[in-house]
Amino acid sequence: MKKKLASLLVATMSVGLLAGCGGSSDTAATQAPAAASTEAPAAESAEAATEALTEAAEEAAASGDVITVGFAQVGHESDWRTASTNSVQAALSAENGIDLQFVDCDNDSAAQLDAVRNFIQQGVDYIVIDPIVSTGWDTVLTEADDAGIPVIVIDRTIDDSDKYVSWVGSEFTNEGLAAGEWLKEYAADKGISEINVLVISGTTGSSAQLGRTKGFDQYVESEGWNKLDEQTGDFTQDGGQQVMESYLKSYAGQFNVVVCQNDNEAFGAIDAMDAAGVSYGVGGDVILISFDACKAGLQDVLDGKINADFQCNPLQGPDCLNIIQKLQAGEDVPKQTFMAEPWYVSEDNLTSITYTNNAGEEVTEDLVHVDQSVVDAAY
Ligand code: GYE
C-alpha cells in the first residue's frame, strides 16, 4: 500500500484496502500470459488446489493428524510481500488441515536462518522458505534434509543448494529482459536516441534484484545505454524516495529514464520527483519503469505516472498447497514451477515485444494496455 502524507488520496487507498492484496492465481490465469512456464507445469488454480487438498485434509482431520508447516517469510517491505503472505496464509489454513507457523523475518537473513532452525527443532512436517538472499543456505538445508523435513522454496531462489523439494516463483531475469526490450522499442517509437538511466534496485543479493539487474543490463550493454548509477532502495517506498532524492542532487538534468525494481520504490521515487519538480511518465521528461504490478502500481500506470510495469506474481499459496498435497500423497512434484506474468503499459503505441528470454528462446509477448478493469483485477 502506497504511503501518502496527504489525505487527498484517501479514496484511492480505501479502494486498495477494501480490495485487499490477497487473491488467487486465477487473476493471473485470466490475464494475458506473457512469461509462461518454460520448464514446469503452470500453477494450478486456487480452487483446483483447494479442492484437491480437501480430501486429504478431511482424512487428516478424521485421523486427528494436522500437517504442521513453518513458513519463514522475508518481511513486510512491500505490497507484493503483503499479497504473498495473504496468499500463503489463505491456502495453508486450518480449514485445509494445516497448522501454519508464520515468521516475519523483517529482511534479516540471520533471523531467517534462526527461524528455519527453530522449525527443524520443533519437528514441523514441512518448511516453506522465501529466501531473503540467494546464498548461504546449504548448511541449514542439509540440517532439514537430515531431519527428514521437506523444504519448499517460494518466490526468490536459493542458488547455492539443491536440498529442497520444489520451488515456485518468477523468472526474474526475464522480467529484466522484458523491461529492456520494452524500453528499446518504446524509445525507438518515440524517436528518443539517447538513454541515460538511473536504477533503484531491490534488496542486494536477493534473486529478484540479481535477475532484474542481469536482464536489464544485457540491454544497457547491447544498446550502448548510459547507466549513470544503481543503488538499492531495499524494495521499500522510503528507500526508493531516499535514493531518488540523492540521485536528484547528483544527476540533476542528466537522466531520462528511472528503473525501480519494485512498485513501492517507484512510489518513493515519484514523491521525490514531485518535490523536485521533475516530470515523469506519459508526456514527462523521465520514463519511469517498475516491477510487481500491484494494484497501486497499476493505478499509477493508468494515471500515466509509471510508463511500464512488469508483473511479478505473488499469489503462490495455492501452488504451495498443491505441492504439500502431492507430497502427502507420495507423488512426485516439479522441481520448478514458474508463475505466469503479464507486462503492463500506459500507452498503446506498442502492443507486443519480441526478445530472447533467459532460456535462449525468442518470444513475442503481449503488452497489456491498462484500463480500470485491469487495476480492479490486480492483486
Ligand atoms: O518484487 C518486491 C518484494 O521477492 C519478487 O520482493 C519479490 C520482491 C518483490 O519486496 O516488491
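If a residue has to be of a type in the set (D, E, K, R), under 22 Å from Thr173 (Cα atoms) and open to solvent by 30 Å² or more (accessible area, probe 1.4 Å) to count, how many in the stretch 334-350 make the cut?
The total comes to 1.
Looking only at the stretch 351-379, which residues are part of a helix (DSSP H, G or I) and open to solvent by less than 60 Å² (accessible area, probe 1.4 Å)?
Within the stretch 351-379, Val374, Val375, Ala377 qualify.
Would you confirm, using the coordinates I've provided, whether Asp189 is over 15 Å from the mean Cα position of the chain (by Cα), under 30 Å from Ser109 (Cα atoms) and of a type in the set (D, E, K, R)?
In short, no.
Please tell me if Val197 is surrounded by 17 or more Cβ atoms within 10 Å (Cβ to Cβ), more than 16 Å from the ligand (Cβ to nearest atom) and either in contact (Cβ under 8 Å) with a residue 40 or more places away in the chain or among the hydroxyl-bearing types (Ser, Thr, Tyr) (or both).
Here the answer is yes, as Val197 does meet what is asked.
Touching a residue at least 60 places away in the same chain (Cβ under 8 Å) and of a type in the set (D, E, K, R): is that true of Asp263 in this structure? Even if it seems obvious, please write down each step before you answer.
Working: touching a residue at least 60 places away in the same chain (Cβ under 8 Å): yes; of a type in the set (D, E, K, R): yes.
It is true that Asp263 is touching a residue at least 60 places away in the same chain (Cβ under 8 Å) and of a type in the set (D, E, K, R).
Within the stretch 307-328, which residues are in contact with a helix residue (DSSP H, G or I) (Cβ under 7 Å, 6 or more places away or on another chain), of a type in the set (A, V, I, L, M, F, W, C) and away from the ligand (no atom under 14 Å from the Cβ)?
Of everything in the stretch 307-328, those that are in contact with a helix residue (DSSP H, G or I) (Cβ under 7 Å, 6 or more places away or on another chain), of a type in the set (A, V, I, L, M, F, W, C) and away from the ligand (no atom under 14 Å from the Cβ) turn out to be Ala308, Cys320, Leu321.
Within the stretch 94-105, work out how many residues are without any contact (Cβ under 8 Å) to a residue 40 or more places away in the chain and open to solvent by 10 Å² or more (accessible area, probe 1.4 Å).
So the count comes out to 8.
Which of the numbered conditions does Arg156 fail, given that it passes all the others? Conditions: (1) among the charged types (D, E, K, R); (2) assigned to a loop (DSSP other than H, G, I, E, B); (3) more than 16 Å from the ligand (Cβ to nearest atom).
Single failed check for Arg156: (3).
Restricting attention to the stretch 277-317, which residues are assigned to a helix (DSSP H, G or I) and open to solvent by less than 10 Å² (accessible area, probe 1.4 Å)?
Gly297, Leu298, Asp300, Val301, Gly317
Cβ-Cβ under 7 Å, sequence separation 6+ or interchain: first residue in the stretch 62-81 and within 16 Å of the ligand (Cβ to nearest atom), partner at pLDDT below 95 and open to solvent by 30 Å² or more (accessible area, probe 1.4 Å). Which pairs?
Pairs found: Asp79/Met1.
So Ser166 clears everything in (1) among the hydroxyl-bearing types (Ser, Thr, Tyr); (2) crowded, with 19+ Cβ neighbours inside 10 Å; (3) within 16 Å of the ligand (Cβ to nearest atom) except one condition, right? Which one?
Result: Ser166 fails condition (3) only.
Any idea which residue in the stretch 242-272 is surrounded by the fewest Cβ atoms within 10 Å (Cβ to Cβ), counting only those that are within 15 Å of the ligand (Cβ to nearest atom) and of a type in the set (S, T, N, Q)?
This residue is Asn264.
Which pairs have Cβ atoms under 9 Å, sit 6 or more apart or on different chains, and link a residue in the stretch 207-221 that is hydrophobic (A, V, I, L, M, F, W, C) and open to solvent by 20 Å² or more (accessible area, probe 1.4 Å) to one that is part of a helix (DSSP H, G or I) and within 11 Å of the ligand (Cβ to nearest atom)?
Hits for this filter: Leu210/Phe172.
Mind listing just one residue for me: the one in the stretch 82-92 that is touching a strand residue (DSSP E or B) at 6+ places or on another chain (Cβ under 8 Å) and in a helix (DSSP H, G or I) and, of those, nearest to the ligand (Cβ to nearest atom)?
By that ranking, first place goes to Ser84.
How many residues are open to solvent by 10 Å² or more (accessible area, probe 1.4 Å) and assigned to a helix (DSSP H, G or I) when one looks only at the stretch 106-150?
Going through the stretch 106-150 one residue at a time, the tally reaches 16.
Suppose we filter the stretch 222-239 for residues that are buried (at least 18 other Cβ atoms within 10 Å of the Cβ) and either under 22 Å from the mean Cα position of the chain (by Cα) or under 16 Å from Val74 (Cβ atoms) (or both); how many remain?
8
The values are calculated or read from the model by the stated rules, or taken from the named source; none is laboratory data. The structure displayed is predicted, hence computed values, not measured ones. Positions of Cβ are generated from backbone atoms using ideal geometry, with glycine treated the same way; all protein chains shown enter the neighbour counts. Just so you know, the surface numbers come from the protein's heavy atoms only, side chains and all, with ligands and any DNA or RNA stripped out. Shrake-Rupley method; radii C 1.70, N 1.55, O 1.52, S 1.80 Å.
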